[in-house]
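The values are calculated or read from the model by the stated rules, or taken from the named source; none is laboratory data. In this text, all values refer to a predicted model and were calculated from it rather than measured experimentally. Because the Cβ atoms are built from the backbone with ideal geometry, glycine has one as well, and the counts that use them run over all protein chains shown. Accessible surface areas use protein heavy atoms only, side chains included; no ligands, DNA or RNA. Shrake-Rupley method; radii C 1.70, N 1.55, O 1.52, S 1.80 Å.
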Amino acid sequence: MRRFTLILLGLSTIALAGCAKKGPLPSPPLLPKFVYVTNASGVGSVSAYTINAATGALTPVVGSPFAAGSSSPSGSSSPWGVAVDPTGKFAYVANYDSTNISAYTINAATGALTPVAGSPFAAGRYPEGVAVDPTGKFAYAANYGSHNVSAYAINAATGALTPVAGSPFAAGRFPGEVAVDPTGKYAYVTDGNSTNVSAYTVNAATGVLTPVAGSPFAAGRFPGGVAVNPTGKFVYAVNFGDNNVSAYAINATTGALTPVAGSPFAAGHGPEGMAVDPTGKFAYVTNAGARNVSAYIINAATGALTPVKGSPFAAGSQPWGVAVGPTGKFAYVTNEQSGNVSAYTINATTGALTPVAGSPFAAGTNPSGVAVGT
C-alpha cells in the first residue's frame, strides 16, 4: 500500500487607481509549482516537474530525477511515499528498502531538490507512507515491516529530522499509509494486515502520538491509502482486498471514528491511492487492477460517497498514487507499470476528470508516491 500530496496557488488580480496611463496592466508572471514523484524500482529516485499553472501540463525540472535513500543490501532504496511541508520548503521521501527517510530542501525558483544535511534519517523497517502535519512541525512515517510509526520534529530552518521522544509508536500489522487531520490534532494510519485504522491524538507541543480511545477502528481487507477531508470531519481508507472505500466521521473532541451510513462504498479492482479535493466536494481513488480512477461526490453533511457521472476515468497501467492541488484544478496519478504520470483537469462543478494535453508524462521505473510544492 503506498501514496501522496499536492499544492497549487491561485493568482490575484491587481487594480491600480489614479494611473495617468490607461489600458490593461501586464499580467503578473505565473509562479511555478512543482510535482514530485517517487520511482520505486532499482536504485530509486524522485522525478520533479514544473506545473503549467494554466494547463496542468508537466515539464521535468533541470537535474531531475534526484537520488533517494541509500543503497540497501539488495542494491535498492525503493522510495515510496513522498510529502511536502506546508511552506513548500522541504520534501520528505520514505525509502522502503533502505529503511530511512530522505529529506530535501526545495529550490523555490526551480523546484530542484538538495539533500538536507544529515539525510537520510533512520526510520523503522520498510517505511512506506510519510506525512507532514499542517503546522510543518512534525513528520510521520508508517513502517510496514516493524509495525509502528516513526515521529520526527522538523527543524524549521534546515528541514532536518529529530526523533520525537517515545518514537516509534506502535501500530497494527503492516502499516502502510499515514494522514494528519487539517487541525493537526489527530493522525490516522492504515494497518494493511490488521484490517483496521489506528487513530492517535497528536501532542501539539511535542508531536507525541497517543492512541485514541477505541482505536484501532475496523476497516476492510488490506486497507491502503488514507485521506482526511479538508474540514476535518471525515476519514476515508481504501480497502485493496475488498475493492471498496471505508468512510468514517471524526469525533472532533476525541478523534474517534464512526462508520458513515452506507460505508463501505464500491471502488474498482485493487484500489490503492486516495485523495480528497481541497473544497471537500470530491474524492478520487486509484484502482490499481482496473487501470482507472474512481471519482466521487462527497456529501458535506454525512460524508457519504456518490460516483461522479462518467466514473471511473481511464489511467495508465497499475495506477497507484493520486493527489489534488489546493485550487482543485488538477489531479495527478502515478502509473506504476506504465512508468508515467497521468494529469487531469477537474470539472469544478461535477468532479469529472479530463486528461491534460500531453498526458501521460514520463517518469522513472515504477512511479508510486506523488506530492506537490510551490
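Looking only at the range 207-221, count how many residues are part of a strand (DSSP E or B), under 8 Å from residue 256 (Cβ atoms) and β-branched (Val, Ile, Thr).
So in the range 207-221, the residues part of a strand (DSSP E or B) come out as 209-211, 217-218.
Narrowing the set further to residues that are under 8 Å from residue 256 (Cβ atoms) leaves 217.
With the extra rule that they be β-branched (Val, Ile, Thr), the set shrinks to none.
Count: 0.
Restricting attention to the range 325-355, which residues are part of a loop (DSSP other than H, G, I, E, B) and either at pLDDT 95 or above or over 16 Å from residue 274 (Cα atoms) (or both)? It would help to see each step written out before you state the result.
Start the filter on the range 325-355 by keeping residues that are part of a loop (DSSP other than H, G, I, E, B), which leaves 325-329, 336-339, 347-352.
Those that are part of a loop (DSSP other than H, G, I, E, B) and either at pLDDT 95 or above or over 16 Å from residue 274 (Cα atoms) (or both): 327, 329, 336, 337, 338, 339, 347, 348, 349, 350, 351, 352.
Of (1) at pLDDT below 95; (2) open to solvent by 70 Å² or more (accessible area, probe 1.4 Å); (3) of a type in the set (S, T, N, Q), residue 70 satisfies all except one. Which?
(2)
Looking only at the range 245-259, which residues are buried (at least 21 other Cβ atoms within 10 Å of the Cβ) and without any contact (Cβ under 8 Å) to a residue 60 or more places away in the chain? Write out each step before concluding.
Just the residues of the range 245-259 that are buried (at least 21 other Cβ atoms within 10 Å of the Cβ), to begin with: 245-248, 250, 255, 257.
Hits for the range 245-259 are 246, 247, 248.
Among all residue pairs at least 6 apart or on different chains, which show Cβ distances below 7 Å where the first residue, located in the range 278-301, is under 24 Å from residue 337 (Cβ atoms) and in contact (Cβ under 8 Å) with a residue 24 or more places away in the chain and the second is of a type in the set (Asp, Glu) and open to solvent by less than 10 Å² (accessible area, probe 1.4 Å)?
Cβ pairs passing all conditions: 286/272; 288/272.
Mind checking whether some residue in the range 362-372 is open to solvent by less than 10 Å² (accessible area, probe 1.4 Å), modelled with pLDDT under 95 and small (Gly, Ala, Ser)?
Within the range 362-372, the subset open to solvent by less than 10 Å² (accessible area, probe 1.4 Å) is 367-372.
Keeping just the survivors that are modelled with pLDDT under 95 gives 371-372.
Then keep just the ones that are small (Gly, Ala, Ser); that gives 371.
Yes, the range 362-372 contains at least one residue that is open to solvent by less than 10 Å² (accessible area, probe 1.4 Å), modelled with pLDDT under 95 and small (Gly, Ala, Ser).
Hey, can you tell me all the residues within the range 37-69 that are hydrophobic (A, V, I, L, M, F, W, C) and not in a loop (DSSP other than H, G, I, E, B)? Spell out how you get there, then give the answer.
Here is the first cut: in the range 37-69, the residues hydrophobic (A, V, I, L, M, F, W, C) are 37, 40, 43, 46, 48, 51, 53-54, 57-58, 61-62, 66-68.
Correct list: 37, 46, 48, 51, 58, 66, 67.
Quick check on this structure: which one of 327, 349, 334, 345 is crowded, with 24+ Cβ neighbours inside 10 Å and out of contact with any Asp or Glu (no Cβ under 6 Å at 6 or more places or on another chain)?
Values: 327 fails: crowded, with 24+ Cβ neighbours inside 10 Å; 349 fails: crowded, with 24+ Cβ neighbours inside 10 Å; 345 fails: crowded, with 24+ Cβ neighbours inside 10 Å.
Of 327, 349, 334, 345, the one residue that is crowded, with 24+ Cβ neighbours inside 10 Å and out of contact with any Asp or Glu (no Cβ under 6 Å at 6 or more places or on another chain) is 334.
Taking residue 285 as the residue in question, decide whether it is of a type in the set (A, V, I, L, M), at negative phi, within 15 Å of the chain's Cα centre (by Cα) and open to solvent by less than 10 Å² (accessible area, probe 1.4 Å).
Values: of a type in the set (A, V, I, L, M): yes; at negative phi: yes; within 15 Å of the chain's Cα centre (by Cα): yes; open to solvent by less than 10 Å² (accessible area, probe 1.4 Å): yes.
When the stated conditions are applied, residue 285 passes them.
Is it the case that some residue within the range 44-65 is open to solvent by 50 Å² or more (accessible area, probe 1.4 Å), hydroxyl-bearing (Ser, Thr, Tyr) and modelled with pLDDT of 50 or more?
Within the range 44-65, one or more residues are open to solvent by 50 Å² or more (accessible area, probe 1.4 Å), hydroxyl-bearing (Ser, Thr, Tyr) and modelled with pLDDT of 50 or more.
Looking only at the range 79-134, filter to residues that are of a type in the set (D, E, K, R), at pLDDT 95 or above and open to solvent by 10 Å² or more (accessible area, probe 1.4 Å); which one of those is nearest to residue 50 (Cα to Cα)?
89
Residues that are closer than 23 Å to residue 213 by Cβ, open to solvent by less than 20 Å² (accessible area, probe 1.4 Å) and small (Gly, Ala, Ser), at least 1 per element: which strands (runs of 3 or more DSSP E) completely within the range 154-196 meet that? I'd like the intermediate steps shown before the answer.
Values: elements: 161-163, 175-180, 186-191.
Qualifying strands (runs of 3 or more DSSP E): 175-180, 186-191.
Residues to consider are 104, 126; find the one that is among the aromatic types (Phe, Trp, Tyr), in contact (Cβ under 8 Å) with a residue 40 or more places away in the chain and in contact with a Gly (Cβ under 8 Å, 6 or more places away or on another chain).
Working: 126 fails: in contact (Cβ under 8 Å) with a residue 40 or more places away in the chain.
From the options 104, 126, the qualifying one is 104.
Taking residue 229 as the residue in question, decide whether it is crowded, with 18+ Cβ neighbours inside 10 Å, under 23 Å from residue 83 (Cα atoms) and in contact (Cβ under 8 Å) with a residue 24 or more places away in the chain. Before you say what the answer is, go through the steps one by one.
Numbers: crowded, with 18+ Cβ neighbours inside 10 Å: yes; under 23 Å from residue 83 (Cα atoms): yes; in contact (Cβ under 8 Å) with a residue 24 or more places away in the chain: yes.
Yes: the conditions hold for residue 229.
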